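Everything on this sheet refers to the single structure shown next.
Every number in this text was worked out from the coordinates using simple rules, so none of it is lab data. Computed from a predicted model, the values in this text were never measured in an experiment. Neighbour counts are summed over all protein chains in view; Cβ atoms, including those assigned to glycine, are modelled from backbone coordinates with ideal geometry.
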Amino acid sequence: MTGDRLDLGFSNGSALELHLFWLRDNCRCPACWHSIARERAFDLMSLPPELGADVEITAGGALAVAWSGDGHRSLFDARWLLEHARAPEPRPRRRPWGADLADRIPTVAYDAVMHSDEGLHAWCRLLRDDGIAIVRGAPPEPMEVARVGRRIGFVWTHYPGEIHDVRPRPDPDSLAYTRLPLPLHTDLPARISPPGVQLLHCLINDATEGDSLVSDGLSVSIALRESSPDLHRVLTEQPVEFRFASPTVDYRCEAPILEYDAGGELHRVRCNSPLIVPPYLPWERTDLLYRAYRAFLATAADRRHLVQLRLRAGDILSLDNHRVLHGRNAFDPSSGARHLRSCYLDHDELTCRLRILARGSRQETPA
Ligand code: OGA
Ligand code: ZN
Ligand code: ZN
């Protein structure tokens, strides 16, 4: 041990370099760790700036630590140390897709999703990996979309409610509620945290047109980064404002169209031409922004990336709204009725459900 550093070797050849603060912070004795709440009950700030300790390996191979100062004692099982002293799990690899997805749209059966953990797990994995899946065979009940959503977790309650109708109406407060085309977009970009998952339940689709459009924002941003790195960078740096206003709400958010996480992975696409407030910037910046934004939209809509599909009654189109862009073609309501109902969930509900389901299949207890 040197200073705050403890080097440990294990009989299986593993070696760990442990920081004393890390070790003290991980004490799982009943005073430091509330085992029912599964939360740390110990106050890190109660420690002095420099830690000291006497360590010894017990006959059973555990690490026993006697902390100087307060005399606290901790015991660390070798297996626990090897399991916990490692970098966080990398984010699961998402599968970028292009126009070829049209021939193999990920699909799960409604009955499987509603009545089995396997079906639910399959659906959640598709949403995680492909960012898109159709749940087929949902009954045409008005509240069904939220029931299906609740298989994953809590459904958003927000303006204009838990579920909203997507069909033409005389007083639309969104282009979605008209017969007009909807360009490729992500939903609710005027929220600081737009919902991570969108469900669109098709109750009836008898209009001759009005096909759905989807494009993988992950593939599109990879393609744009390769073809025009400078334009791609503009979209990651330049915030633009999105607004959604109606007589009773006024949501606004300023953010870049492409957001990346600290590990360089695409975190979120926020894109919705009808809701963008064209930014007034110095001319050169405006020029760059429009070139970049138009290049992004052109890539999303080009034939290598765009998938056109027809929703049928009973289909629930589910989307990763932080990744996949969606839209629809115009339609003529006099050719037949078209009615979808939609709800949202946070991404956390999906990732939480995936962990719970994985725990069930491994018979694992929470960490
Ligand atoms: C929406 C939407 C698509 C459609 O309501 O967010 O994009 O097919 N609707 O009407
Ligand atoms: Zn303790
Ligand atoms: Zn939409």
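Some points to look at:
- Counting only cysteine Cβ atoms and a cutoff under 4.7 Å, the chain contains unmatched residues C29, C124, C202, C253, C271, C343, C352.
- When the GluC sites (Glu not before Pro) in segment 39-126 are filtered for DSSP coil states and for at most 12 other beta-carbon atoms within 10 Å of their beta-carbon, the remaining sites are E50.
- Nearest 10 degrees, 0 to 90: helix 283-301 Cα axis against the chain principal axis: 80
- Segment 245-327, relative contact order in percent, only Cα pairs under 8 angstrom and at least six apart counted: 27
- The overall shape of segment 109-149 is prolate: from the C-alpha gyration tensor, with semi-axes ordered a ≥ b ≥ c, the ratio a/c is 1.5 or greater and a/b exceeds b/c.
- Distance between the pseudo-spin-label points of E56 and D211 (7 Å out from Cα toward the beta carbon): 7.6 nm.
- Nearest 10 degrees, 0 to 90: helix 217-227 Cα axis against the chain principal axis: 90
- Neighbour cut-off at most 16 other Cβ (10 Å), DSSP loop, trypsin sites (Lys or Arg not before Pro), segment 238-347: R303, R304, R310, R312
- R0 of 25 Å, Cβ-Cβ distance A298-V277: FRET efficiency to nearest 0.05: 0.70
- Acute angle (nearest 10 degrees) that the helix 117-129 long axis makes with the longest principal axis of the chain, alpha-carbon atoms: 80
- Between T58, T107, T236, the residue with the greatest mean-square fluctuation in the GNM of the chain (Cα pairs under 10 Å linked by springs) is T58.
- Averaging over all projection directions, the Cα-based convex hull of the chain occupies 24.3 nm² in the image plane.
- Mean separation of Cα contacts under 8 Å (6+ apart) over length of the chain, as relative contact order %: 23
- Among beta bridges identified by DSSP and lying wholly in segment 21-164, the antiparallel ones come to about 80 percent.
- Each peptide in 160-169, 27-36 receives the mean, over its residues, of other Cβ atoms within 10 Å, and ordering these scores from highest gives 160-169, 27-36.
- Peptides ranked, highest mean first, by Cβ atoms within 10 Å: ranges 343-353, 254-264: 343-353, 254-264
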